[in-house]
Each structure stands twice: as structure tokens, then as C-alpha cells.
Amino acid sequence: MAWDFETDPQFREKLDWVQKFVDEEVAPVDRVIEHAWDVTDPTRNKVIRPLQAIVREQGLWACHLGPKLGGPGYGQVKLALLNEILGATHSGPVVFGCQAPDSGNAEILAHYGTPELKERYLRPLIDGDIMSCYSMTEPQGGSDPTSFVTRAVRDGDHYVINGEKWFSSHARFSSFLIVMAVTDPDAPRTKRASMFVVPMDTPGIEIVRNVGVWGHNESEGTHAYIRYTDVRVPADHLLGEEGEGFAVAQTRLGGGRIHHAMRTVGLVRASLDMMLERAVSRQTRGRSLSDMQMVQDMIAESWVELEQFRLLVLRTAWKIDELDDYKKVIADISAVKMVMPKVLNNVVSRAIQLHGSLGISTEMPFGKWLLESYHMGLADGATELHKQQIAKQLLKAATPAPGLFPTTHLPALNTAAEDKFGLPALGVQ
């Protein structure tokens, strides 16, 4: 039986280098650029591209991808350990070429793209030369993709797309979109939709507005409300077969959810570290905050929640590596997704309380991180849906009791023990 929690020494050295590099070189980038995804920003390119070159030299570029696609093929466990470090920064994932939504979109293109699509879109996406957008959610659809109404109708050697999409993140930075649209409204609910690569400069694409998010102090929002009007897409831009939109989506959503969790571990850890620093630095009523039992309670609760969450993330990442099938890890991924916003919210809330008025000020990052916890409870499926998924998966494996009473009914267990040993049972206990 193999069971350990060790990181191999060679990769441990890599992680130590990443931590130092992120602290000294990447974190300061967040202070001088507005958005790491904006490849048209000269300031962004001036400071980020040299760092990306260093990451490539270290063999740490695009670690979510296998060697055939330009990555080292580390697997999910190593990626989790790496993302814990990157997650505490805005620019870190971009500097290391593993940012959302591009990492998930690259997985889709790698699995379902034609050689031409891979050459035109996947290669520059992996190289960090362009960005992409995943345009799935609809204004009326929310977390229910079976209610989508955006249509893609075949017209000769093209599809024509009409409809509206909501919260299409990073569309204004993107060279192409991956769009889910209904191709057969009369098919079974999970066979109605298909997925397409749509170049951003295609006529008929209109960004109605770019929606902002509380806590993100951007001059313009980054989550697009998009209207598609007679958008003509070549038929060979279909990803997979018609009606496979749901299957294609799972290729990116399973990985996307666990990757969100990996990065969230980094935010939770950063919050706890700031609590610890505050506790040993702040004096009140002649005593250190660290001496006060209520403060100690907040720190202990936060550490335990972080460690429980981190272990769940790492075990789920290990299962993904072992089973190589997201369908077999549905409950685990849903569990990670369910716990993630709660743990982040709890620890950040305690950090705010411990920092007092400074904690709620814009001079500390906690307000942004607190709102991020609510974002994590919605992105890639609402928390409530993931709770349902966990329950469904567990109930599938449950077996009904053969009789009127549960199999653990104590009188029945007593009778069975008496029959087995020929001795009187001690009673109901």
C-alpha cells in the first residue's frame, strides 16, 4: 500500500524557485498593470513577456499541457502545488501560461480541434501570443445549459449563429471565442447543443457592454454581454460532432473547476499568513493580539479549514491523474467546488476582523478577496448544483435495506450475534 504526502525533491526545488520568483518578480507586476490578459497593452507586455521567457527557460510554461502541446505534462497534483503559489497573484497564472479561461479552451482545442484549428488558434494560444473567451452562459440560462436558446443553423459550408451570451469573460481581450449554441432543438436535452470556434472579428458579433465585478477596480469591465446576429462560421470550426457540446464542455469544466480550487488555496493561505503577521504585530490594551483567546480561535479555525480544503484539492487532483477520466471524479470535483467559496469567505472574513478598520479599507486586498468568494460560488456552476451532484453520485452507490428496518437495526444485529457465537447479546447498545 502506497500512501504518502511527500513531494519529490527535484520538484520541491522547482516549487521553491517559483515561490521566490513570484514573491520578488511577479507580485510587483500587479502594482503596475491593470489586466494581465490584455496583450495589446504595451506596459503589460514590457513587464510580463520577459518573465514568461524566464518561466520557459525553467521548463514551467503551460504545465497543464502535455509535452506534445508544449507543456511538461506534470499532471494535476504537481499543477495543484504550483497553482497554490500562483493563486495569490493576479499576474502569476499568465506569467506561467496556465491562466483561465485559456487553459480550459486549450484543452478543448487539443481534444476536438482539426489540425487547421490547432495551427491557427491553439499554437498561438499556448505560446501566449493571443487570448481566448469561453462564451457559454446566457442571460436567461444561468447554470442550466439545457435552457440555452442561442442557435447555430447549418447553411451550406457555414453555420449561422444568432442569440445572446452573458458573462463571456475576457472577450474584449480575445482573438477568438468558443461558443456553445443549439444545433438541434428537438434532440434530447443534452444532445441539442454544439461547440464552435468563432473568430472575434467575425461580422455580427456585438459586445453590448462589458460588465464589471465589485472588488475589481478596472476602468472597464471584463465580462462581456455579447449579441450574435447572423454570425457566419465555417463548418470546419465545429468542435467535435454536432450535438456533442455538453461532452466538449466537460473537457474544460472538470479541469477548470479543480484549477480554480488550486488557485483559491493560494488566496486562503495568503489570508492566513496576513492574519498571523497582524496577530504578532498588533498591540492593544498592553497585550499582543496573539495572546488573546478569541484571536487564537480565529487562527486555529482558519488553519484547519485551509488544511482540510487543501487535502481535498490534492486528493481530487491525484484521482484525476490516476483515473484519467473526469466522469469518474464528478463527485470529488463538485465537493472541491462546493467547499471552495465557503473556506475562502470564512478565512478572509476573519482576516478582515483581525485587521480592524484597515481590513475593510481599500489599502488591503481583503474586500476584493471576499467578493471573489461569491464569484467562486457561481463560476463554473452554482454551489447548490454541485451539492446536488455530490448527493446524486453518492445515492447511486447506496443499496436499499432488504427489510422493514435498517441493516444497522440493533435488535437484528443482536440476533445475528447470538446466532453466530451461541451467546446471549448484551442488549440494545
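The values are calculated or read from the model by the stated rules, or taken from the named source; none is laboratory data. Please read all numbers here as calculations on a predicted model, not as lab measurements. Cβ: placed from backbone, ideal geometry, glycine included. Neighbour counts: every protein chain shown. All accessible areas refer to the heavy atoms of the entire protein, side chains included, with ligands and DNA or RNA removed. Shrake-Rupley method; radii C 1.70, N 1.55, O 1.52, S 1.80 Å.
Okay, here's what the table says:
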{"read-out": "Mean ellipticity per residue at 222 nm, deg cm²/dmol - from DSSP H runs of n ≥ 4 across the chain, formula -39500 (n - 2.57)", "value": "-15000 deg cm²/dmol"}
{"read-out": "Value of Rg to Rh for region 148-266 (Rh from inverse mean 1/r over Cα pairs, i.e. Kirkwood)", "value": "1.00"}
{"read-out": "Lysines with Cα under 16 Å of K68, excluding same-chain neighbours fewer than 8 positions away", "value": "K118"}
{"read-out": "Cα→Cβ-extended label distance, 7 Å offset, between D184 and E119, nm", "value": "3.1"}
{"read-out": "Label-point separation, E220 to H375 (7 Å along Cα→Cβ), nm", "value": "1.8"}
{"read-out": "Taking region 1-123 and dividing mean pair separation by its residue count, relative contact order in percent (alpha carbons under 8 Å, at least six apart)", "value": "23"}
{"read-out": "Stokes-Einstein D (µm²/s) once Rh is taken as the Kirkwood radius of region 211-299 over alpha-carbon pairs, at 37 °C in 0.692 mPa s", "value": "176"}
{"read-out": "Region 202-329 - accessible surface per residue (Å², probe 1.4 Å)", "value": "51"}
{"read-out": "Nonlocal amide H pairs with A62, under 5 Å, H built at 1.01 Å", "value": "G97, C98"}
{"read-out": "Student exercise, region 1-66 dipole from Lys, Arg, Asp, Glu Cβ charges, in Debye to nearest 20", "value": "300"}
{"read-out": "Under Karplus coefficients 6.51, -1.76 and 1.60, residue-wise ³J(HN,Hα) of region 402-419 in Hz, glycine/proline x", "value": "x, x, 5, 9, x, 5, 9, 4, 4, x, 5, 5, 4, 4, 5, 5, 4, 5"}
{"read-out": "Rounded D (µm²/s) - region 17-76, Kirkwood Rh over Cα pairs, Stokes-Einstein at 37 °C, 0.692 mPa s", "value": "260"}
{"read-out": "Hull-based mean projected area of region 345-389, where the convex hull spans the alpha carbons, in square nanometres", "value": "3.3"}
{"read-out": "Inter-part distance where region 1-44 and region 125-142 are each reduced to a Cα centre, Å", "value": "23"}
{"read-out": "T150 long-range amide H proximity, modeled H, under 5 Å", "value": "E164, V182"}
{"read-out": "Under the Karplus curve 6.51 cos²θ - 1.76 cosθ + 1.60, θ = phi - 60°, whole-Hz ³J(HN,Hα) for region 345-361, x wherever Gly or Pro sits", "value": "4, 4, 6, 5, 4, 5, 5, 4, 4, 5, 8, x, 4, 4, x, 8, 7"}
{"read-out": "Across K337/K396; K319/K396; K327/K387; K368/K392; K328/K396; K78/K319, pairs whose alpha-carbon gap is larger than 22 Å", "value": "K368/K392"}
{"read-out": "Accessible area of region 135-201 belonging to carbon and sulfur atoms, whole % at 1.4 Å probe", "value": "49"}
{"read-out": "Farthest toward positive dipole pole in the chain [+1 Lys/Arg, -1 Asp/Glu at C-beta], among V29, P42, W3", "value": "W3"}
{"read-out": "Ranked order, F167, F405, F96 - accessible area, probe 1.4 Å, largest first", "value": "F405, F167, F96"}
{"read-out": "Range of Cα positions in region 9-134 per principal axis (Å), largest first", "value": "41, 38, 23"}
{"read-out": "Computed magnitude of the charge dipole of the chain (debye, nearest 20; Cβ of K, R +1, Cβ of D, E -1)", "value": "620"}
{"read-out": "Radius of gyration and maximum dimension Dmax of region 302-379, Cα, Å", "value": "15.1, 48"}
{"read-out": "Percentage relative contact order, the chain, counting C-alpha pairs under 8 Å, at least six apart", "value": "12"}
{"read-out": "For region 61-209, average projected area of the Cα convex hull in nm²", "value": "10.1"}
{"read-out": "Kirkwood hydrodynamic radius (C-alpha pairs) into Stokes-Einstein, the chain, 4 °C and 1.567 mPa s, D in µm²/s", "value": "54"}
{"read-out": "With DNA, RNA and ligands ignored, accessible area of T229 (1.4 Å probe; Å², nearest 10)", "value": "70"}
{"read-out": "Listed residues D38, D332, D201, most fluctuating in the chain (Gaussian network, C-alpha, under 10 Å)", "value": "D201"}
{"read-out": "With every protein chain in place, region 225-354: carbon and sulfur % of accessible area (1.4 Å)", "value": "50"}
{"read-out": "Region 178-290, relative contact order [Cα under 8 Å, separation at least 6], %", "value": "23"}
{"read-out": "Computed P(r) (all Cα pairs; region 284-429; 5 Å bins; percent)", "value": "2, 8, 11, 12, 12, 9, 9, 9, 10, 7, 5, 3, 2, 1, 0"}
{"read-out": "Amide H contacts of S169 (H built 1.01 Å from N, under 5 Å, at least 5 apart or other chain)", "value": "Y134, A224"}
{"read-out": "Radius of gyration and maximum dimension Dmax of region 53-123, Cα, Å", "value": "12.2, 36"}
